[in-house]
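Student: After the structure tokens below, expect a handful of questions from me.
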Amino acid sequence: MTELAQPEQPTRTVADQLTSHLTEDPRSPLVGDDVRVRVAGGELRRYLNFDAAATTSPSVAVTQAVMDFLPWYSSVHRGAGAKSRYSSACYEQARETVLGFLGADPATHVAIFPRNTTEALNVLAFRLQLSHDDVVLTTAAEHHANLLPWRRHAQLRVVDVDDAGTFTTADVVAALEQTPTPKVLAITGASNVTGWLPPLAEITTAAKARGVFVVVDAAQLAPHRPIDMTELGIDALALSGHKMYAPFGAGALIAPRSVLADGEPLLVGGGAVQAVSFDDVVWARGPERDEAGSPNVVGVIALAAAVQERAREGWSGLLHHEQLLTRALDQELATVPGLRRYGPTGSDRLPVAAFNLDGVAHELLAARLAHEHGIGVRSGCFCAHPYLAKLLRLSPVDVQQFHDDARAEHRLRLPGAVRASASRATTLADITTLAGALHNIANTPQHSRYYHLDGHGDYQPSGAPPSR
């Protein structure tokens with residue numbers, strides 16, 4: 001049996017990258033860009049990360065900001081020492097930085113720092129004090145994080161998608177006009193599966209005209225497109241630092257101050273209170289009320305540095321680069337025999353592609369890309385099971401079988417696809433390499449027999465490694 005190769009050391013150390021990033025690479029390099037892995041046959045190859053929609057590598061500039069801050073790190077709020085005062089000031093400044101980046105009005109909005117988008121949406125769903133008679137309007141294209149928290153507190157009304165995985169403004173308006181009128185519209189800014197961008201401006205305008213509270217899951221949108229919450233009429237927005245080249249464990253929830261001003265927070269404990277007895281509690285004012293426990297100060301510093309870096313570099317270069325990547329993905333993947341795409345192509349979307357290859361299970365395809373070509377992708381349903389069910393055109397019977405197999409932990413029976421998602425560090429040559437690897441796999445189906453399932457249900461290489 002062959003062993004999974006361990007990554008080789010980068011040709012430059014992190015320190016080298018940190019000291020050279022200002023002059024060497026106009027694409028704002030990421031830590032680990034030059035990591036090499038050993039593939040089947042023993043060759044060393046530069047690792048190609050096509051899993052940016054799941055998480056991004058840290059930016060060199062963000063990592064530098066963290067390293068600069070660490071000597072001054074200390075507890076925030078109420079600490080009298082110089083380090084505590086400095087850390088507290090940086091932490092509170094980060095709120096203003098994030099609000100400014102998203103075009104929020106600091107007079108009416110506040111930023112809090114949960115771990116990620118999922119936690120942010122759970123906090124918001126709890127704090128809106130919905131009842132089970134209330135309706136939350138959402139869509140079939142959502143990540144689970146924008147479905148499950150709302151279902152816990154209210155009724156869901158779902159805008160369906162067509163065979164391409166899209167919906168129109170008219171579809172949303174029709175759902176808004178059903179009775180009872182929804183209290184909340186919870187919608188993604190960009191699909192994590194297909195990269196599709198809903199017509200957000202039109203949809204938010206329609207919702208606001210009907211007095212509906214608008215929540216946007218911006219986990220995928222924020223790293224790729226500018227957002228102006230005030231101009232769009234977005235009431236609340238959630239994002240994750242680990243999608244924005246700041247994977248240090250902090251996200252952000254931007255919400256109206258009025259929503260977070262009163263009431264009991266979701267998480268309770270130290271920092272969220274002003275006074276506690278066995279019989280009574282006096283909650284802290286917002287935003288501290290919703291940040292119980294010691295906050296992730298380092299993660300917040302990283303998130304603030306990430307949005308500052310994007311603001312400093314501007315959007316035009318990134319948007320042009322991603323447009324080229326998206327076009328190249330469409331063109332290159334269209335040449336692979338037996339490859340089936342899911343979702344829209346040839347439209348304004350993020351550089352993301354979901355697909356399957358005829359005759360190769362999605363988990364096996366991802367394993368072969370990794371072990372034979374040093375390419376990292378993701379396989380499965382991408383925390384968007386209802387959306388994948390639509391894209392894969394699963395019948396109600398198929399969906400029930402999906403759930404039955406999941407309960408029985410029959411992993412190999414579970415439906416899914418492979419997702420390739422580019423980052424700002426991805427090049428056109430990387431897209432060509434990905435397509436070449438897919439061509440190779442499509443033309444060598446016999447190599448699949450060199451893989452076995454391990455105890456976790458994952459494909460691993462075994463026996464003689466396939467030659468390419």
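Rule-based calculations on the coordinates, nothing more; no lab input. Being a predicted model, the structure only gives us computed values, none of them experimental. Because the Cβ atoms are built from the backbone with ideal geometry, glycine has one as well, and the counts that use them run over all protein chains shown.
Student: Mind putting a number on the dipole of the chain about its Cα centre? Charges go on the C-beta only, +1 for Lys and Arg and -1 for Asp and Glu, and I need it in Debye to the nearest 20.
Tutor: Once rounded to the nearest 20, the dipole reads 400 debye.
Student: Quick check for me: using +1 on Lys/Arg Cβ and -1 on Asp/Glu Cβ, what's the dipole size of the stretch 46-184 about its Cα centre, in debye to the nearest 20?
Tutor: 820 debye
Student: Under 8 Å for C-alpha pairs, at least 6 residues apart: give me the relative contact order for the stretch 73-313, rounded to a whole percent.
Tutor: That works out to 24 percent.
Student: For the chain, what relative contact order do you get, as a whole percent, if you take Cα pairs closer than 8 Å and at least 6 residues apart?
Tutor: 20 percent
Student: Starting from the amide H of A272, placed 1.01 Å from N in the peptide plane, find each other amide H under 5 Å away whose residue is 5 or more places distant or on another chain.
Tutor: When sequence neighbours closer than 5 places are left aside, the close amide H contacts are G293.
Student: Calculate for the chain the 222 nm mean residue ellipticity that helices alone would give, adding -39,500 (n - 2.57) per DSSP H run of length 4 or more and normalising by residue count, nearest 500 deg cm²/dmol.
Tutor: -11000 deg cm²/dmol
Student: While we're looking at this one, here's another question. If you take every DSSP beta bridge whose two residues both sit in the chain, what share of them, in percent to the nearest 5, is antiparallel?
Tutor: Bridges in the chain are about 65 percent antiparallel.
Student: For the stretch 73-313, compute Rh as the Kirkwood radius over C-alpha pairs and then the Stokes-Einstein diffusion coefficient at 10 °C and 1.306 mPa s; write the answer in µm²/s, rounded to an integer.
Tutor: Here the translational diffusion coefficient equals 86 µm²/s.
Student: Taking neighbour Cβ counts within 10 Å as the exposure measure, how do E291, E43 sort from fewest upward?
Tutor: With the fewest neighbours first, E291, E43 line up as E43, E291.
Student: For the peptides 53-60, 28-35, 236-243, what is the packing order when you average, over each peptide's residues, the other Cβ atoms within 10 Å and list the highest mean first?
Tutor: Taking the mean over residues of other Cβ atoms within 10 Å, the ranking is 236-243, 53-60, 28-35.
Student: If you don't mind, there's one more thing I want to ask. With equal scatterers on the alpha carbons only and no solvent term, can you work out the Debye log10 of I(q)/I(0) for the stretch 274-403 at 0.12 1/Å?
Tutor: -0.79
Student: In a Debye calculation with equal point scatterers on the alpha-carbon sites of the chain and no solvent, what is log10 I(q)/I(0) at q = 0.14 Å⁻¹?
Tutor: Here the Debye-derived log intensity ratios amount to -1.42.
Student: Looking at the stretch 37-119, what % of the alpha carbon pairs are farther apart than 22 Å?
Tutor: 51 percent
Student: Rounded to the nearest 5, what is the percent of antiparallel bridges among the DSSP beta bridges in the stretch 73-313?
Tutor: In the stretch 73-313, approximately 40 percent of DSSP beta bridges are antiparallel ones.
Student: Also, I was wondering about something else. Ranked highest first by average number of other Cβ atoms within 10 Å, how do 67-76, 198-207 line up?
Tutor: Ranking the peptides 67-76, 198-207 by packing returns 198-207, 67-76.
Student: Can I ask one more? Leaving out same-chain residues fewer than 8 places away, which aspartates and glutamates sit with a Cα under 16 Å from that of K183?
Tutor: Within the straight-line cut-off, K183 pairs with D133, D134, D235.
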